[in-house]
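Working notes for the structure below.
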Amino acid sequence: MYPVSRHSQRLGLRELATDDVDAVLAIYGSREATEHLSFEPRSREDVGQIVARSMAAAVASPRSEYALAVVEQDTGDLVGFGRLATDPHQQRAATLGFALHPRTWGIGYGLETVHLLLALGFEDLELHRIWGARSPLNHTSARTMHRAGMVEEGRIREHVLKNGKWRDSIVHGILSHEWGAK
């Protein structure tokens, strides 16, 4: 499926473009924005490679990764990065991830982003299961996934190596029939 274009009241998902590197860097290069993510702040070169790789994955056949810009409807400004990646080890399943610019925190963009990604997965890609993992300390992400209908399923022990230390991840998941019941 290319190009992806999904919209909510305030946000939209669209394919990434070369011009998005600086806006993605404002998120992925931020210590605050990456505090609970699985990686350290990225350099401009790293982000350039991520955007290029995401653009190449967008036109791959079959497509297994949907790395998308989260943009404000009114301004067109890129305020986040959302991702669905199909899981080769599970039939009709994908992992979900997202990151938003800190200036947008606390106004419901996280929930809107998760809803857009779940709609893409269940309505457009006809997936059966979508799951995401978060830092145990990221209580805001826990609330967001819960409000989106995702169920906390468990803990993956010492799942992420960050800052030279192993960190657990908390898994949340949702099934297509649970999404349809919303």
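The values are calculated or read from the model by the stated rules, or taken from the named source; none is laboratory data. None of the values given here were measured: they were computed from a predicted structure. Heads up, the Cβs are rebuilt from the backbone with ideal geometry, glycines too, and the neighbour counts pull from every protein chain shown. Surface areas here come from the heavy atoms of the whole protein model, side chains and all, with no ligands, DNA or RNA. Shrake-Rupley method; radii C 1.70, N 1.55, O 1.52, S 1.80 Å.
Here are the numbers:
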read-out	value
Hits in region 1-59 (condition: open to solvent by 70 Å² or more (accessible area, probe 1.4 Å), of a type in the set (Ser, Thr, Tyr) and not in a loop (DSSP other than H, G, I, E, B))	5, 18
Subset of region 145-182 (residues that are of a type in the set (Ser, Thr, Tyr) and open to solvent by less than 20 Å² (accessible area, probe 1.4 Å))	169
Complete set of residues in region 1-58 that are modelled with pLDDT of 95 or more, among the β-branched types (Val, Ile, Thr) and in contact with a strand residue (DSSP E or B) (Cβ under 7 Å, 6 or more places away or on another chain)	24, 27
Those residues of region 113-128 which are open to solvent by 30 Å² or more (accessible area, probe 1.4 Å) and under 17 Å from residue 7 (Cα atoms), in sequence order	115, 123, 124, 125
Number of positions in region 60-85 that are surrounded by 13 or more Cβ atoms within 10 Å (Cβ to Cβ) and either among the small types (Gly, Ala, Ser) or over 27 Å from residue 10 (Cβ atoms) (or both)	6
Residue within region 89-97 that is surrounded by 22 or more Cβ atoms within 10 Å (Cβ to Cβ) and farther than 25 Å from residue 32 by Cβ present	yes
Elements of type helices (runs of 4 or more DSSP H) contained in region 66-182, each with 1 or more residues being of a type in the set (Phe, Trp, Tyr)	109-119, 176-180
Total residues in region 51-83, condition without any contact (Cβ under 8 Å) to a residue 60 or more places away in the chain and farther than 21 Å from residue 103 by Cβ	14
Identity of the residue in region 129-144, under 24 Å from residue 31 (Cα atoms) and among the charged types (D, E, K, R), that ends up most open to solvent (accessible area, probe 1.4 Å)	143
Only listed residue being touching a residue at least 24 places away in the same chain (Cβ under 8 Å) and of a type in the set (A, V, I, L, M, F, W, C), chosen from 13, 25	13
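Here's the yes/no breakdown for (1) at pLDDT 95 or above; (2) among the basic types (Lys, Arg); (3) within 16 Å of residue 63 (Cα to Cα):
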residue: 83; (1), (2), (3): yes, yes, yes
residue: 88; (1), (2), (3): no, no, yes
residue: 91; (1), (2), (3): no, no, yes
residue: 94; (1), (2), (3): yes, no, yes
residue: 100; (1), (2), (3): yes, no, no
residue: 120; (1), (2), (3): yes, no, yes
residue: 129; (1), (2), (3): yes, yes, no
